[in-house]
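For reference, the structure is listed below as structure tokens.
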Amino acid sequence: MLAPLLAALLMAQAAPENPAPPASGANAVVSLDALPLEQAAAARCAVAFATVSRWQKTGDARGKGYPDIEAQGGREFFVRVMAKLMEETGLGREDVISLTTRAADDNEGEGGAERVKAIMPACQMMKSAAGL
């Protein structure tokens, strides 16, 4: 019950003006915007955790305001979400890497730190609901 609410919140905060069309085949590379709501929200959070973890590991000031992502299950959340995404969509490993790399690049770009900050409370709740 909590996951759909969190997913709606994340999509409202991160929705693009022109969403990408759905994938044309099981192994087509998609954008997060083309995924179903719950998958997109979980993937956005997984990428946000990976982004903050990278900031923390490299000493980037953008990572200082967050709890230790690695120690609090952020990596495990990322792994579980990506494995589930592959299972549910039929995407291959390379497709998921491409998808997450683009999303992580967006987090590094203009406004990315603000987007991560805006979704992190809901992502923390989603991670907790997953038992992490």
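Rule-based calculations on the coordinates, nothing more; no lab input. Everything numeric here is computed off the predicted structure, so don't read it as measured data. Note that each Cβ is placed from the backbone with ideal geometry, even for glycine, and that neighbours are counted across all protein chains shown.
Brief remarks on what is shown
- 15 Å tail of the calculated P(r), segment 51-132, as % of Cα pairs: 62
- Fewest-first sequence of Ser31, Ser98 by Cβ atoms within 10 Å of each Cβ: Ser98, Ser31
- 3J(HN,Hα) couplings calculated from phi for segment 73-80 with the Karplus curve 6.51 cos²θ - 1.76 cosθ + 1.60 (θ = phi - 60°) are, in sequence order, x, x, 5, 5, 4, 4, 4, 5 Hz; Gly and Pro show x.
- Near Ala130, no amide H atom lies under 5 Å from its own; only residues 5 or more places off or on other chains count, and H is placed 1.01 Å from N.
- Cβ-based exposure ranking for Ile119, Ile97, in which fewest neighbours within 10 Å come first: Ile97, Ile119
- Here's the list of aspartates and glutamates a cross-link from Lys64 could span, going by alpha-carbon distance under 16 Å and ignoring same-chain residues fewer than 8 apart: Glu108, Glu114.
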